[in-house]
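Heads up: the structure comes next, in structure tokens.
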Amino acid sequence: MNTFTKYFLILLGVAALGFVLWYFSSIVIYILVAAVLSLIGRPLVDLLTRIKYRRIVMPRWLAALVTLILLWIVVIAFFRVFIPLIASEANDLSDINSEMVMDKLQAPMHKVERIYNEYFAAQNNNMSLEDYINGKIKSVLKISIVSNLFSYIFGLLGNIFIAIFSISFITFFFLKDQSMFADSIILLMPERHEQAVRNALTSSRKLLMRYFIGICCQETAVATLIAIGMTIIGVGLNHSLIIALVIGLLNVIPYLGPWLGGIIGVLLAISTHLHLDFSNELLPMVGYMVLVILIVHIIDNIFFQPLIFSSSVKAHPLEIFLVILLAGTIAGIPGMIVAIPSYTVIRVFAKEFFNKLRVVQKLTRNI
């Protein structure tokens, strides 16, 4: 077999594997979600199996089952707390009167009316700024948009019960047998590389376990600080929890997420506090909200992110930033979310198979 034929067959195999992964993408997602959950729950399984009572040790299958049940209790409790709050917030947003919004914005709008007329009015058939914003607000607040959004979500999650059962089933066996995932990957590799692949998977598992647990702790800490800060400045407990949820969830997007969450949180607070006087109450509240978000963002940048990005995945912050920037350019926000775990796995495998290259030695010296 010549070199050309060899590389052609390799490329053909990679293409075939990519097609199979795409065709069965839902199953692949189930496996990946189960793998992440197993990484988060593995420390608890190990802890339970080390507990002894009169020489009785909990079997690993039971420890895995208890851990799985606890994971789902956390998930159910999360939805049990936030779903009613989200429904209430959506109800408040659907009741917003666009005329009330325009009344609140009338004073500051007059200050920018002249700038708008000079630069943008000609592009909108001399439509006034007030008419333009009023039309946009009415289109945004249409209940049909909200209903269409929910229809899309439920359509996307059409087989949710199958997904829950599948993820739970796979997670249980990943927790019970910590080598199952690695053994499945090794089956696809040449036998001569088995030990190297096994070493790389073990190192990846340890790094990713620290990373995902760290991410969960980070999002919880950020959301808690946001909720406390928003409650203190008088946003209201329910609204504070919703804003904290939005900012905490979007914070999983490195660098960009906190700003998106902050903007959405401020807009939610404004939309649900339109009864306040704009100059004396609403505007100061928005200022305090921005201050709270900035303080939490600074705390996150100084304490949380260095601990997770540098300590857990053993990479320099500048290195992480460039990887996230590159991934965001290639694949947008989804790329930014998966950038760090993917980069971690790539570094580990590069160290195992290409450790003679200087650039690999430089990038993987802390692993």
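The values are calculated or read from the model by the stated rules, or taken from the named source; none is laboratory data. Quantities reported herein were computed from a predicted structural model and do not represent experimental measurements. Glycine also receives a Cβ, built like all others from the backbone with ideal geometry; neighbour counts cover every protein chain displayed.
Some observations on this one:
- Whichever residue in segment 327-343 is without any contact (Cβ under 8 Å) to a residue 40 or more places away in the chain and either under 14 Å from LEU363 (Cβ atoms) or under 16 Å from the mean Cα position of the chain (by Cα) (or both) and, among such residues, is surrounded by the fewest Cβ atoms within 10 Å (Cβ to Cβ): GLY332
- A single member of ILE253, ILE247, ILE213, ILE324 is outside any helix (DSSP H, G or I), under 19 Å from the mean Cα position of the chain (by Cα) and either modelled with pLDDT under 85 or surrounded by 17 or more Cβ atoms within 10 Å (Cβ to Cβ) (or both), and it is ILE253.
- Filter result for ILE228 (at pLDDT 85 or above, more than 18 Å from the chain's Cα centre (by Cα) and either in a loop (DSSP other than H, G, I, E, B) or not polar (S, T, N, Q) (or both)): yes
- Annotation note: of PHE349, PHE303, the sole residue that is among the aromatic types (Phe, Trp, Tyr), more than 21 Å from ILE213 (Cβ to Cβ) and part of a helix (DSSP H, G or I) is PHE349.
- For segment 167-187, taking the residues that are among the aliphatic types (A, V, I, L, M) and in contact (Cβ under 8 Å) with a residue 40 or more places away in the chain, the one that is surrounded by the most Cβ atoms within 10 Å (Cβ to Cβ) is identified as LEU175.
- The listed residue being at pLDDT 85 or above and in a helix (DSSP H, G or I), out of VAL197, VAL222: VAL222
- Per-region count, segment 272-306, residues farther than 18 Å from MET230 by Cα and of a type in the set (Asp, Glu): 1
- The residue list GLU319, GLU281 contains one member that is without any contact (Cβ under 8 Å) to a residue 24 or more places away in the chain, more than 22 Å from GLY248 (Cβ to Cβ) and acidic (Asp, Glu), which is GLU281.
- Residues (in a helix (DSSP H, G or I) and crowded, with 16+ Cβ neighbours inside 10 Å) located in segment 352-367: GLU352, VAL360, LEU363
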